[in-house]
Structure formats: C-alpha cells, structure tokens
Amino acid sequence: MDLSLNVNGRPEQFSAQPNELLVERLRDGLGLTGTKVGCDTGQCGSCVVRLDGRSVKSCLVLTASAAGSQVTTIEGVTTPGGELTGLQEALRQEHGTQCGFCTPGMVMALGEFVETALTDDAADREAPTEAEIREWLTGNLCRCTGYHSVVRGVQRACSAARAEEPVAAPVATSGQEV
Ligand code: FES
Ligand code: FES
C-alpha cells in the first residue's frame, strides 16, 4: 500500500506491507537508525518516538496505522544547528547516559514528560518529583545508569525550563571534578 508520513518535518511517501512496523520503516526504510530495537516486544522502550506529539513504542505501531501522522525521532530533536535540547544537555551534565543504547528512547519519552510538566495547567504546581519521573520511566529500561543520574537530569531540565533559563553547567566544588 502507498503511505505517507511526515518524519522530522520532512514529507515521506513510500510503499509498505500491511504488517510493516513503524520502527522498521524508520530504521530500514528511512535510515533513521537513532531509534533502537532492544526487544521488539514492547518492553524496553529503546524504540520510542513521538507520534503526533505522544511518545509511543514504534515496535508496537504499524506503519499503516501511523499514515498521515507527524513522527519525530531522535534525529529530529536537536536544532538545525545541532545544539542539544535542554533535556539532552541536562542528561549529559548529570551523566544520564553510559553505553547510550537506551538514550534515544529515553530522550523521546522524557521529552513528553518535561513538556507535560511545563504546561500552563501545571505552572503552579511543584516541580515533578523523583517518584513521578521514575513512574514515567517504567517503560524505558536501562542496564547501565541505575536511573539515578537520569532522574537528576530530568530534574535539572525541568528546573531550567521552569525558570526559562538554559541548563546551567554544574557548580564546581573544591576538589570535585564536574
Ligand atoms: S524495541 Fe520496542 S519496546 Fe523494545
Ligand atoms: S545507558 Fe546503557 S542501557 Fe542505558
């Protein structure tokens, strides 16, 4: 069947089998290999992309069911100039990535979390708690970080965004490398 998607702001038209998965179209069809496949069964979250703004596991989405939608992958997150988003910078500063395999899916899933935490409706509430961040992360498995540094990164990103400031570099303390 002939289908179309908008991927990272670019219109894409192609022919696909009815049983093709979105992750297959992104990686194999469009060469967007930043989206990873860790399990292929909807458990690990390494394949998360944004579909019309919502974070979804692209190994659980048929390409045909996404036809006509806007898809954002990790390749579409950074600015045209290649600058990291506040969330990416905060994760970098907090060492929220090690081997990096889970990171694209984390960034895509947590991007929705950070945006949601900063909506007008949430403007008056407290910054997201560690428990809220960890609950959001239950769909994203990481074998390296133990999640502590990821949580700190999200907290740093949310704090900076709520203050409408860029993510600040860590403050060096005596005798401590940052
Ligand atoms: S590859 Fe999709 S959830 Fe693991
Ligand atoms: S950084 Fe290695 S799996 Fe998360």
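Numbers at a glance
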item	result
Matching option when the condition is without any contact (Cβ under 8 Å) to a residue 40 or more places away in the chain, within 13 Å of the chain's Cα centre (by Cα) and over 23 Å from residue 160 (Cβ atoms), among 51, 84	51
Whichever residue in the range 10-48 is touching a residue at least 24 places away in the same chain (Cβ under 8 Å), charged (D, E, K, R) and open to solvent by 40 Å² or more (accessible area, probe 1.4 Å) and, among such residues, is nearest to residue 78 (Cα to Cα)	36
Members of the range 1-24 found to be part of a strand (DSSP E or B) and within 14 Å of residue 40 (Cβ to Cβ), listed by number	21
One residue from 97, 63, 72, 33 being more than 11 Å from ligand 1 (Cβ to nearest atom) and within 22 Å of residue 156 (Cα to Cα)	97
Selection status of residue 99, within 16 Å of ligand 2 (Cβ to nearest atom) and surrounded by fewer than 21 Cβ atoms within 10 Å (Cβ to Cβ)	yes
Test result for residue 24, out of contact with any strand residue (DSSP E or B) (no Cβ under 9 Å at 6 or more places or on another chain), modelled with pLDDT of 95 or more and either away from ligand 1 (no atom under 16 Å from the Cβ) or farther than 18 Å from residue 137 by Cα (or both)	yes
Test: residue in the range 128-137 that is within 16 Å of ligand 1 (Cβ to nearest atom) and at pLDDT 90 or above	yes
Cβ-Cβ under 6 Å pairs, at least 6 apart or on other chains, the range 132-152 side among the polar types (S, T, N, Q), far side more than 11 Å from ligand 2 (Cβ to nearest atom)	140/109; 149/94
Selected residue [away from ligand 2 (no atom under 16 Å from the Cβ), crowded, with 21+ Cβ neighbours inside 10 Å, more than 15 Å from residue 109 (Cα to Cα) and over 18 Å from the mean Cα position of the chain (by Cα)] from 62, 5	5
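The values are calculated or read from the model by the stated rules, or taken from the named source; none is laboratory data. Everything numeric here is computed off the predicted structure, so don't read it as measured data. Positions of Cβ are generated from backbone atoms using ideal geometry, with glycine treated the same way; all protein chains shown enter the neighbour counts. Remember, those area values only see protein heavy atoms, side chains included, never the ligands or the DNA or RNA. Shrake-Rupley method; radii C 1.70, N 1.55, O 1.52, S 1.80 Å.
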